[in-house]
Structure formats: structure tokens, C-alpha cells
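In what follows, a structure is listed as C-alpha cells, so that the remarks can point back to it.
Laboratory data are not the source of any read-out in this text; all were calculated from the coordinates shown. Quick caveat: nothing in here was measured; it's all calculated off a predicted structure. Here the Cβ positions follow ideal geometry from the backbone for every residue, glycine too, while neighbour counts run over all protein chains shown.
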Amino acid sequence: MLKNPWSHVRWRGNYSELDALHWTEELKKALNYDPESAASFDNGVFWIDYDSLFKFFEVVYLIMLAPHFNLHYLYSFWRAGQGPIKYM
């Protein structure tokens, strides 16, 4: 799940509200996702798969707000098509 703070261009690829191939009923239920609601209300939040993320996005800012993370802000970026550096 990503948030585009500008929300003036909608994601139309894998896991968008138009994608009938990847969304299963089980996955929609697990993620509390309603494609009709997503199509009618654009708040900039959308789902995307990792391959598309690495291919189409050059910069991503990660913000971790979950209480079990010690870091509350983390910045990272990678070149489109490269993906993040593996630390293993």
C-alpha cells in the first residue's frame, strides 16, 4: 500500500481498482479492500506490487508509524528498475 500525496494521477496497473486479474476475494477481504470505493474516492492511497514499484517509481519515502518500530522516519530511494539494495 502506497500513498501518493499529490493524488492527481491514479495508478492503473497491477492491484489498481481496474485490475480484475490479481485481486481475489480472499485478498480483498484480508486487506479490507473495496474496488468500488477505491474507484469513487481518490485519497492517493493505492496498492501496487513490488515489480511495478521498482519499475515505475524512482523515489519512495518510507514512513514507519507502527509502535513496534524504533524508527519513526526512514528515507530510502533507488533507481527505477533497480530495486532496493539487498543487505543479506
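Enumerate the aspartates and glutamates that LYS3 could reach by cross-link, defined here as Cα to Cα under 13 Å, with residues fewer than 8 away along the same chain left out. Output for LYS3: ASP42. Counted by neighbouring Cβ atoms within 10 Å, the residues SER16, SER40 run from fewest to most as SER40, SER16. Size descriptors for the stretch 1-45 (Cα atoms only): Rg and Dmax, in that order, 10.4, 30 Å. Across the stretch 2-48, the mean sequence separation of Cα contacts (distance under 8 Å, 6 or more residues apart), normalised by length, yields a relative contact order of 62 percent.
Here the 3J(HN,Hα) profile of the stretch 49-56, calculated from phi with Karplus coefficients 6.51, -1.76 and 1.60 at θ = phi - 60°, is 8, 4, 4, 5, 4, 5, 7, 9 Hz, Gly and Pro shown as x.
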